[in-house]
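Student: Quick one: this structure, given as structure tokens, is what I'll be asking you about.
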Amino acid sequence: MRAKDVMTMALTTTQDIMQMYLGDLTDAEMTVRPVPSANHIAWQMAHLIVGEKGLLADQLPGAVYPEVPPAIASLGNERTGKVDPAEGYLPKAQYVEWFGKMRAVTIAAVDKLTDADFDKPTTGSMAKWAPTLGALLILTANHTLMHGGQFTAVRRALNKPVVM
């Protein structure tokens, strides 16, 4: 198995797990906070969508991400996590669709990498956390899974069945 195969598996698996956590949630349940100080899933999904592009756009060769809709871009901003937007939230399907679009760009670009590309140094503020492109891609996959763990707290607060 090549490095790009492993990376694609990590990116695909974490996307699949996230979608399992979201599967039976309603649009309204996407904005439930498990505790008052926690971010809800709608914010976390917007954060993941914005974050995928933000983490990788300048680092991943060949990755051309689409412009994120303003409703997602503004919600996914780090500073807005505890504030409900006046215009409301998008339906769950739109968050899932946009996450899928971003992840598809990432996976398509990963498919074109050589094993040596994964060792190329990263630049910018994330370089201290992920000094190589391979490390940054793993961080991206893990970022999805980390938020998936937070989704489970919402699922428990809603008395949803355990998935996984």
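Student: Taking a cut-off of 22 Å between Cα atoms, list the lysines near Lys160, but don't count ones fewer than 8 places away on the same chain.
Tutor: Lys92
Student: Let me ask something else about it. For segment 53-164, what does the convex hull of the Cα positions come to per residue, in cubic angstrom?
Tutor: Spelled out: Cα convex hull of segment 53-164, divided by residues, is 135 Å³.
Student: What are the ³J(HN,Hα) couplings of segment 65-74, residue after residue, when phi is run through the Karplus curve with 6.51, -1.76, 1.60 and θ = phi - 60°? Round to Hz, x for glycine and proline.
Tutor: Working through the residues one at a time gives 7, x, 5, 7, x, x, 5, 7, 4, 6 Hz.
Student: I want to verify a result. In a Gaussian network model of the chain, Cα cutoff 10 Å, which of these has the top mean-square fluctuation: Gly100, Gly134, Gly23?
Tutor: Evaluated over the chain, the most mobile residue of the options is Gly23.
Student: Sort Ile41, Ile17 so the one with the fewest other Cβ atoms within 10 Å of its own Cβ comes first.
Tutor: Details: Ile41 27, Ile17 17.
Fewest-to-most Cβ neighbours within 10 Å comes out as Ile17, Ile41.
Student: A further question follows. Grab the beta carbon distance between Val35 and Ser125, set R0 = 35 Å, and tell me the FRET efficiency rounded to 0.05. Don't skip to the end; give the middle numbers.
Tutor: Numbers: r = 29 Å, r/R0 = 0.84.
It comes to 0.75.
Student: So if we plug the beta-carbon distance of Ile107 and Asp27 into 1/(1 + (r/R0)^6) with R0 = 22 Å, what FRET efficiency do we get, rounded to 0.05? Let's see the in-between values first.
Tutor: On the way: r = 27 Å, r/R0 = 1.23.
It comes out at approximately 0.25.
Student: To continue, here is another question. Could you derive backbone 3J(HN,Hα) for segment 34-47 from the dihedral phi with the Karplus parameters 6.51, -1.76 and 1.60 (θ = phi - 60°), listing whole Hz in sequence and x where the residue is Gly or Pro?
Tutor: Per residue, the Karplus-derived 3J(HN,Hα) values read x, 9, x, 8, 8, 7, 8, 5, 4, 5, 5, 5, 4, 4 Hz.
Student: Collect residues whose amide H, placed 1.01 Å from N in the peptide plane, falls under 5 Å from the amide H of Thr132; neighbours closer than 5 in sequence don't count.
Tutor: Thr122
Student: Can you tell me which lysines have their Cα less than 16 Å from the Cα of Lys128? Leave out same-chain residues fewer than eight positions away.
Tutor: Straight-line reach from Lys128, under 16 Å: Lys120.
Student: Express the C-alpha Rg of segment 10-68 as a ratio against the empirical globular expectation 2.2 N^0.38 Å, rounded to two decimals.
Tutor: Relative to the rule-of-thumb radius for its length, segment 10-68 sits at 1.33.
Student: If I take every Cα pair under 8 Å that is 6 or more residues apart in the chain, average their sequence separation and divide by the length, what percent do I get for the relative contact order?
Tutor: Numbers: 181 pairs, mean separation 57.8, N = 164.
RCO, the chain: 35 percent.
Student: Right, another one. Less than 17 Å apart at the alpha-carbon level, and either on another chain or at least 8 residues along: which aspartates and glutamates does that give for Lys112?
Tutor: Cα-Cα hits under 17 Å: Asp5, Asp58.
Student: Still on this model: From the phi of every residue in segment 96-112, what ³J(HN,Hα) in whole Hz does the Karplus formula 6.51 cos²θ - 1.76 cosθ + 1.60 yield, where θ is phi - 60° and glycine or proline is x?
Tutor: Per-residue couplings from phi come out as 5, 4, 5, 4, x, 4, 5, 5, 5, 4, 4, 5, 4, 5, 4, 4, 8 Hz.
Since every read-out is calculated from the coordinates, none of them should be taken as a lab result. Predicted, not measured: the structure shown is a model, and the values here were computed from it. Note: ideal-geometry Cβ built from the backbone for every residue, glycine included; neighbour counts use all protein chains shown.
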